[in-house]
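Enquirer: First the structure, then my questions, so here it is.
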Amino acid sequence: MQTVEAPPVANAPASTSRLAEEEWTEVIQPRTRLLDLGLADVWRYRDLVLLFVRRDFVSTYKQTVLGPIWFFIQPLLTTIMFMVVFNGIAKIPIGDAPPLVFYLAGVTIWNYFAQALTSTSTVFTTNAAIFGKVYFPRLTMPLSIVLSNLVRFGIQLSLFLLVWAYYMLTTDKLHPNGYLLLTPVLVVLMGLLALGLGMIFSALTTKYRDLAMLLAFGIQLLMYATPVIYPLATISARTGWLRWALLANPLNSIVETFRYGFLGSGTFSWAYLGYSTAATLIILLIGTIVFNKVEKSFTDTV
């Protein structure tokens with residue numbers, strides 16, 4: 001009787017070893033740190049961020065008659081209304097600066113913050129369908145909103161610079177100074193503040209949808225607590241708790257510094273600007289923690 005040796009048992013670990021040798025292009029695993037934003041993943045998905053930026057920019061005025069011209073019409077109409085109501089009727093003192101430049105400066109930088117915050121605050125609810133089907137770093141969405149609004153700000157800033165240059169050539173009421181070089185810093189602070197507040201509200205609106213409507217109303221009120229239609233000196237001259245409540249707004253020194261650098265009128269304080277920077281970083285930190293916490297389970301509540 002011939003005995004046949006059984007073939008050697010197939011190496012069970014062979015398939016395992018082959019799998020181990022494979023290089024995965026994407027590994028999805030839960031985050032354990034609240035402060036981990038996954039910026040490395042965001043950088044890898046930078047093309048997606050640019051795609052979202054283009055989508056937000058194009059879809060805003062798609063199928064409109066005037067298209068991108070609205071980027072110029074909106075701040076101009078708002079500025080003219082402020083000139084009529086607050087300068088012509090209410091007679092709010094604004095100093096020696098021409099009213100058109102004064103109000104347009106405030107409207108230009110305020111619009112960037114307001115639009116970025118409004119769009120970021122509903123990022124979970126408006127993009128729930130995408131989040132539930134495809135994986136990508138969730139931070140790419142609010143970040144793309146801030147960047148797309150930065151493009152709009154650049155267009156509106158060019159309008160302001162044209163008006164500012166006209167008055168520089170035709171009048172002697174503008175006295176720009178070196179503080180206008182702080183403009184990139186001010187824009188970054190505005191963007192980070194909008195991003196931090198937007199992440200907080202986007203996390204809260206997954207459970208409480210009416211907060212989105214409350215925020216839209218609150219932004220309108222916040223504009224009147226920010227020196228958009230009046231100089232910061234108007235607040236500083238007041239006394240009592242209302243003065244301190246208004247000065248607690250971190251947007252005050254950002255808007256006032258922007259206007260002071262280009263117009264030379266108003267006030268500037270490193271202390272106020274330092275406070276705005278510290279408040280922005282704190283709000284961004286809180287927004288990061290809340291965003292990371294809600295990101296893991298928001299699809300269950302949206």
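Enquirer: Determine, yes or no, whether L195 is touching a helix residue (DSSP H, G or I) at 6+ places or on another chain (Cβ under 7 Å) and within 23 Å of T118 (Cβ to Cβ).
Expert: So L195 passes the test.
Enquirer: Say whether the condition of being part of a helix (DSSP H, G or I), open to solvent by 40 Å² or more (accessible area, probe 1.4 Å) and touching a residue at least 40 places away in the same chain (Cβ under 8 Å) is met by at least one residue in region 102-117.
Expert: no
Enquirer: Among the residues of region 132-140, is there at least one that is touching a residue at least 40 places away in the same chain (Cβ under 8 Å), of a type in the set (G, A, S) and open to solvent by 30 Å² or more (accessible area, probe 1.4 Å)?
Expert: yes
Enquirer: Out of curiosity, is D172 open to solvent by 10 Å² or more (accessible area, probe 1.4 Å) and in contact (Cβ under 8 Å) with a residue 60 or more places away in the chain?
Expert: no
Enquirer: Now, a different point. How about region 213-280: which helices (runs of 4 or more DSSP H) wholly inside it have at least 2 residues that are more than 27 Å from L100 (Cα to Cα) and among the hydrophobic types (A, V, I, L, M, F, W, C)?
Expert: 241-247
Enquirer: For region 194-215, name all the residues that are more than 22 Å from T280 (Cβ to Cβ) and in contact (Cβ under 8 Å) with a residue 40 or more places away in the chain.
Expert: T206, K207, R209, A212
Enquirer: Continuing with the same structure: Report, by residue number, each residue of region 119-151 that is assigned to a loop (DSSP other than H, G, I, E, B), at pLDDT below 75 and over 16 Å from R55 (Cβ atoms).
Expert: Listed by number, the residues that qualify are G132, K133, Y135, P137, R138.
Enquirer: Please go through region 276-301 and give me each residue that is of a type in the set (S, T, N, Q) and either modelled with pLDDT of 90 or more or open to solvent by 40 Å² or more (accessible area, probe 1.4 Å) (or both), ordered by number.
Expert: Once the filter is applied, which keeps residues that are of a type in the set (S, T, N, Q) and either modelled with pLDDT of 90 or more or open to solvent by 40 Å² or more (accessible area, probe 1.4 Å) (or both), region 276-301 yields S276, T277, T280, S297, T299, T301.
The values are calculated or read from the model by the stated rules, or taken from the named source; none is laboratory data. Just so it is clear, the model here is predicted, and its values are computed rather than measured. Backbone-built Cβ (ideal geometry, glycine too); neighbour counts: all protein chains shown. For the accessible areas, the whole protein counts, side chains as well, though only heavy atoms, and no ligand, DNA or RNA atoms are used. Shrake-Rupley method; radii C 1.70, N 1.55, O 1.52, S 1.80 Å.
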